[in-house]
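Written below as structure tokens is the structure these notes are about.
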Protein chains: 4
Amino acid sequence: MSKNDGNTVIRQLIANVREFLRERDWEKYHNPKDLAESICIESAELLQLFQWVKHEETEQFKNDPSKVQRIKEELADVLIYCLSMANTLNIDLTTAILEKIEHNKKKYPKERYKGKAWLNT
Amino acid sequence: MSKNDGNTVIRQLIANVREFLRERDWEKYHNPKDLAESICIESAELLQLFQWVKHEETEQFKNDPSKVQRIKEELADVLIYCLSMANTLNIDLTTAILEKIEHNKKKYPKERYKGKAWLNT
Amino acid sequence: MSKNDGNTVIRQLIANVREFLRERDWEKYHNPKDLAESICIESAELLQLFQWVKHEETEQFKNDPSKVQRIKEELADVLIYCLSMANTLNIDLTTAILEKIEHNKKKYPKERYKGKAWLNT
Amino acid sequence: MSKNDGNTVIRQLIANVREFLRERDWEKYHNPKDLAESICIESAELLQLFQWVKHEETEQFKNDPSKVQRIKEELADVLIYCLSMANTLNIDLTTAILEKIEHNKKKYPKERYKGKAWLNT
């Protein structure tokens, strides 16, 4: 059965990234500072797909397979570097994500924030 | 049993993010353009943890729990927006990641690239 | 007479940045890699002022002095690091900017591109 | 006499950018949100020149004309979008930069900070 979001754990994806790096003896380049730079670089390439585009246009993107394919490719680049960062620093990403969601639930209680904009400072 | 990278599928994490957004009626703000902006903004906050830091210093970060905790928090912010982007556009992240790793394996065959730097243009 | 865009050359601004750094013996931290990271970090702080904001709202920003003030402050942070990069590498920014505009004029001849979107790949 | 950092005021550079945009009827695309995105995108392209590079290597960049040329081109892209942002919002960049330097002088008094790292939080 092919792997997808319904049957694959993050540990497996980290293992796939680590195998790719070890086959090429590239883990030594993947120090945290350069990985953080790489995550920024790839997220900017993802953002570039939306440069000059109006919000109304982006609502049509999900109906355009070639647009969705490009977004998948750039998102994958961002995520692969995040998985490598987790590998380098022994970080459990599931725990990190669920703890942050819990933190956000307390910071933005649903009773007070329902429908109101998430204010950025 | 608590959830971690060894027992949690990505679909569950996307569901957690979606639940958080729906409880607050916030899915309407999470259009792809603003999500791409958010991924950039959060990846820059992650990069800020390494600003002015030499590579040798970053090698010690994994032994410093307070540094690792800050990195976990910023990585989580990047990943939560990526999960929201997958939710908005019905993207299977596992498929996207594994396809990109396969693409990279062909682009950088291990026989030719073992030990040599991954050149960026 | 106070300094402004009508009477100040870039060389003066680079000198102001260099003086600030030398008084604090900080030029040694301003190597090109960390400066490039800093320009990314500050540009993301500028972008954060527009996170979740619709285009129609941003058209009102120029009439809101507090919004313009915040944008000025973040733009200044981006520019100060660019000026420091020019100082570190002896780059003439005026020449770089004018050469790039000339390059863009040839790449996007006005006869063909008038009114049509600047396509990003 | 050719224009350079010693004889060109910023107002002239803003005028050059504005002329380029008006000849192509492109000012309408240059709203502040998309300009902020563009500054991020270009700063990541600049950062990419330093991806995987050690600090010691970057110290040699200033002696390598092809490296300096690439840095000039990417810096120019960042700066052109900053000049366009100033044009769109009627911001005086010289004033913004000098005010920020004054603010930083008070925040980091030279008597206390000489030689000590500029700590980022």
*Going by the rotation axis that takes chain A to chain D, pick out the residue of A with the closest C-beta and quote the gap in whole Å.*
A:A44, 2
*Between B and A, buried accessible area summed over both sides at probe 1.4 Å, in Å² to the nearest 100?*
7400 Å²
*Just tell me how shielded D:99-108 is by partners: mean number of partner chain Cβ atoms within 10 Å of each residue's Cβ, no decimals.*
4
*Ascending list, in nanometres, of distances separating the B:E102 label from those of the other copies (7 Å, Cα toward Cβ)*: 3.8, 4.9, 6.1
*For region C:63-115, compute the number of Lys pairs whose alpha carbons are separated by less than 29 Å, excluding pairs fewer than 8 positions apart on the same chain.*
6
*Got a number for the accessible area of B:K114? Probe 1.4 Å, square angstrom, nearest 10.*
120 Å²
*Return a whole-number percent for the relative contact order of region D:29-85, with Cα pairs under 8 Å and 6 or more residues apart as the contact set.*
62 percent
*Give the span of the protein assembly as shown's Cα atoms along each principal axis, as three whole-Å numbers ordered largest to smallest.*
70, 46, 45
*Evaluated at q = 0.23 Å⁻¹: base-10 log I(q)/I(0), Debye formula over Cα of chain A*: -1.25
*So what's the angle, to the nearest 10 degrees on a 0 to 90 scale, between helix A:93-107 and the longest Cα principal axis of chain A?*
20 degrees
_Accessible-area composition of chain B, carbon plus sulfur, in percent [1.4 Å probe]_ = 49 percent
_Accessible surface, per residue, of region A:50-121 when the full set of protein chains is kept, probe 1.4 Å, Å²_ = 51 Å²
*May I ask you to evaluate 6.51 cos²θ - 1.76 cosθ + 1.60, the Karplus curve with θ = phi - 60°, for each residue of region C:54-67 and list the ³J(HN,Hα) values in order in whole Hz, giving x for glycine and proline?*
6, 4, 4, 5, 5, 5, 7, 4, 5, 9, 10, x, 6, 5
*asked:* If I ignore ligands, DNA and RNA and count only protein heavy atoms, how much of B:S2 is accessible to a 1.4 Å probe, in Å² to the nearest 10?
replied: 90 Å²
*Could you give the angle, 0 to 90 degrees to the nearest 10, between helix A:32-48's Cα long axis and the longest principal axis of the Cα atoms of chain A?*
50 degrees
_Per-residue average of Cβ from other chains inside 10 Å of C:86-92_ = 5
*Counting alpha carbon pairs within less than 8 Å and at least 6 residues apart, what relative contact order, in whole percent, applies to chain C?*
35 percent
*Averaged across the residues of B:64-77, what count of C-beta atoms belonging to other chains lies within 10 Å of each residue's C-beta?*
5
_Loop sites in region A:1-88: GluC sites (Glu not before Pro), DSSP, at most 15 other Cβ within 10 Å_ = A:E59
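The values are calculated or read from the model by the stated rules, or taken from the named source; none is laboratory data. Nothing here was measured: the structure is a model prediction, and the numbers come from that model. A quick note on method: Cβ atoms are made from the backbone with ideal geometry, for glycine too, and the neighbour counts reach across all protein chains shown. Only protein heavy atoms, including side chains, enter the accessible area calculation; ligands, DNA and RNA are left aside. Shrake-Rupley method; radii C 1.70, N 1.55, O 1.52, S 1.80 Å.
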